[in-house]
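Engineer: One structure is given below, represented as structure tokens, and several questions about it will come after.
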DNA sequence: ATGAAAGCGCTAACAG
DNA sequence: CTGTTAGCGCTTTCAT
């Protein structure tokens, strides 16, 4: 099960040539065909495989990129991870997943841990972006790309999306299908997405553009189904709503369950929208109308940004944005699902 | 953003002591308090952080463990990943996620890639276990732990579960609540879980122990919701069933959707069970009765096995098993959800 | 085109 | 307790 591996020196000896020639032959740079042939044969016989650590030490590159998130259980991050992996793998980069969620370590601590140089770059999607984190990122010894808030003013590469505008799309859609009493279940306000989404909801439900009659907000403790269920109960208990906008799909599912508890049908009595357009939302019953924030796309873009950074020298920081778009499904169907009920 | 890091030599110079003393002082092994103080101060001033690559090369340890799965999008693997991470992180190990799913690379190729030595061990949960894979694992230069089939005869550490017995539990439960016409939606038969679950279903529905009247199987192309939907349509179109056992939660959700399309209520007209006891099953409507295979527990155990291997010398291969257990929820509620319908 | 040798950053013998 | 030194496996000058 555990056998020691052949080194380049052994290949060199076997081939009867110098170490340098062996290395060159294996990389196909400036070696005669005969030499290449000879070395390749020796390498094959010994089952040689270059050692990543030795290589890294010499080249000062680890060929690894880290992806750090608060909670890898959130489907949004899984989507990002998949996308990141798809972009980086073809370039010979491995992806190391780091989670700040269940451990006590703050995201800033995690960024600081990059100083041990086990990775060539980092993609991080922080829930909260405070000064400590910004400082840690700016002092990081390797390129860092942030998925979330734009940090242009600090010279940090970032991939953002306009979730506030996305919330506006959700509200507009609900008004369009005739809903007038709109509730909003948001996550914690001290998080980047929580703050942005609240801004979006407030903007969409105030001023002349808002053709509805009533708007109110209830805050969940977290961006999870359980928290959404509790917040949904509180919000719906007050009565009088015909639609609820949730700050993400998990919260929306919680709200729908809360509605069920109270005997409210979705979308008949209550239309519900989510955000993130996750797989779970697509397959939920009723399937969830949701604002896509292009998770996979953001992951892809972030991966390309790090790739450029680790490859080239210093360029100005770049900001990329992905536009939100609404995906309408059953949870806001204009006509309450009468046929579905019929048997 | 990118600043070069201080090395041990620089710390030594700064402290005015030798390289060796510096290393020792920083590790707290055999250095005088005065020396430790001096070196620590110098290290702090320079913001020194030990280089992982140099350390790895010297110690012949990378402090990394890889986790390889077919599809990181599957919630089961995410649960395992979380558990693995929780066990390994406190021991200073990082987790590298490798996916074989969307790329063409076979699991065997992936195992062979370990030969570059970028990791101290591997946890792999393969969908199919053929001779090529077994050979690759046996020849791997680092310890490999398999989550899935027991591979004791090959001297490979493994964590398994008895999903066949789990299927038996699901069938027994359905019979108990009075169902007699049982359908089974399985995934591909040429996969390890597919084969085991088929065996379990066949055993549970044949012989005198089976008090039902009818049993039939329909195969999905994959262990996904989409495949479950299609297989569910085929199975239910034939009619006459009052219960369906699905080989995992995702397939079960697909089946429930197919039932909805045909106007069948769950659990009223059709009881449905899943397997894996995933989060998505818990929050689905109706919530899913499911056979837990202890995903998190299996991840934890696998992590402990690699940890033991990378720490110690060669021990005999160990096999660990996690027992399945049924979790009953709404999708098989004995009394069809009459109250729920009432408003 | 090939070989000799330096050195990436670190730890661990070995001497003193 | 401290310093000197070797060397992990590799790439890359620098000579030849």
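The values are calculated or read from the model by the stated rules, or taken from the named source; none is laboratory data. Everything numeric here is computed off the predicted structure, so don't read it as measured data. Note: ideal-geometry Cβ built from the backbone for every residue, glycine included; neighbour counts use all protein chains shown.
Engineer: Could you count how many residues in the stretch B:134-160 are under 26 Å from residue B:189 (Cα atoms) and within 14 Å of chain A (Cβ to nearest Cβ)?
Structural biologist: 16
Engineer: I would also like to ask the following. What single numbered condition from (1) without any contact (Cβ under 8 Å) to a residue 60 or more places away in the chain; (2) within 7 Å of chain B (Cβ to nearest Cβ) fails to hold for residue A:82?
Structural biologist: Of the numbered conditions (1) without any contact (Cβ under 8 Å) to a residue 60 or more places away in the chain; (2) within 7 Å of chain B (Cβ to nearest Cβ), the odd one out for residue A:82 is (1).
Engineer: So which of A:190, A:162 ends up being modelled with pLDDT under 95, surrounded by fewer than 21 Cβ atoms within 10 Å (Cβ to Cβ) and within 24 Å of residue A:225 (Cα to Cα)?
Structural biologist: From the options A:190, A:162, the qualifying one is A:190.
Engineer: Pick out the one residue from A:15, A:52, A:34 that is more than 7 Å from DNA strand D (Cβ to nearest atom) and within 14 Å of chain B (Cβ to nearest Cβ).
Structural biologist: A:52
Engineer: From the set of residues in the stretch A:10-36 that are under 22 Å from residue B:115 (Cα atoms) and surrounded by fewer than 16 Cβ atoms within 10 Å (Cβ to Cβ), which is farthest from DNA strand C (Cβ to nearest atom)?
Structural biologist: Per the stated criteria, the residue is A:10.
Engineer: Is it true that residue B:96 is facing another protein chain (nearest Cβ under 7 Å) and within 30 Å of residue A:100 (Cβ to Cβ)?
Structural biologist: Taking the combined requirement at face value, the residue satisfies it.
Engineer: Next question, about the same structure. Of all the helices (runs of 4 or more DSSP H) wholly in the stretch B:244-333, which have at least 3 residues that are in the same structural domain as residue B:88 (by TED's automatic domain parsing)?
Structural biologist: The qualifying helices (runs of 4 or more DSSP H) are B:295-311.
Engineer: Next question. Take residue A:92 and tell me if it is modelled with pLDDT under 95, on the phi > 0 side of the Ramachandran plot and assigned by TED's automatic domain parsing to the domain that holds residue A:303.
Structural biologist: yes
Engineer: Out of (1) crowded, with 24+ Cβ neighbours inside 10 Å; (2) under 22 Å from residue B:249 (Cα atoms); (3) within 20 Å of the chain's Cα centre (by Cα), what's the single condition that is false for residue A:275?
Structural biologist: Tallying (1) crowded, with 24+ Cβ neighbours inside 10 Å; (2) under 22 Å from residue B:249 (Cα atoms); (3) within 20 Å of the chain's Cα centre (by Cα), residue A:275 fails exactly one: (2).
Engineer: Could you tell me which numbered condition residue A:57 fails, if it satisfies all but one of (1) away from DNA strand C (no atom under 12 Å from the Cβ); (2) within 8 Å of another protein chain (Cβ to nearest Cβ); (3) at pLDDT 95 or above?
Structural biologist: Result: residue A:57 fails condition (1) only.
Engineer: Now, a different point. Of all residues in the stretch A:255-266, which are out of contact with any strand residue (DSSP E or B) (no Cβ under 8 Å at 6 or more places or on another chain), under 26 Å from residue A:196 (Cβ atoms) and more than 8 Å from chain B (Cβ to nearest Cβ)?
Structural biologist: Residue satisfying the conditions is A:258 alone.
Engineer: Looking only at the stretch A:110-129, which residues are in contact with a helix residue (DSSP H, G or I) (Cβ under 8 Å, 6 or more places away or on another chain) and more than 9 Å from chain B (Cβ to nearest Cβ)?
Structural biologist: Within the stretch A:110-129, A:111, A:120, A:121, A:122, A:123, A:124, A:125, A:126, A:127, A:128, A:129 meet the criteria.
Engineer: Is it true that some residue in the stretch A:40-47 is outside the structural domain of residue A:120 (by TED's automatic domain parsing) and near DNA strand D (Cβ under 9 Å from one of its atoms)?
Structural biologist: no
Engineer: Confirm whether residue A:107 is within 16 Å of DNA strand D (Cβ to nearest atom) and more than 11 Å from chain B (Cβ to nearest Cβ).
Structural biologist: Answer is no for this residue.
Engineer: Turning to a different aspect of this structure: Identify, from the list B:245, B:225, B:272, the residue that is without any contact (Cβ under 8 Å) to a residue 40 or more places away in the chain and either out of contact with any strand residue (DSSP E or B) (no Cβ under 9 Å at 6 or more places or on another chain) or farther than 30 Å from residue B:64 by Cβ (or both).
Structural biologist: None of the others qualify; the one that does is B:225.
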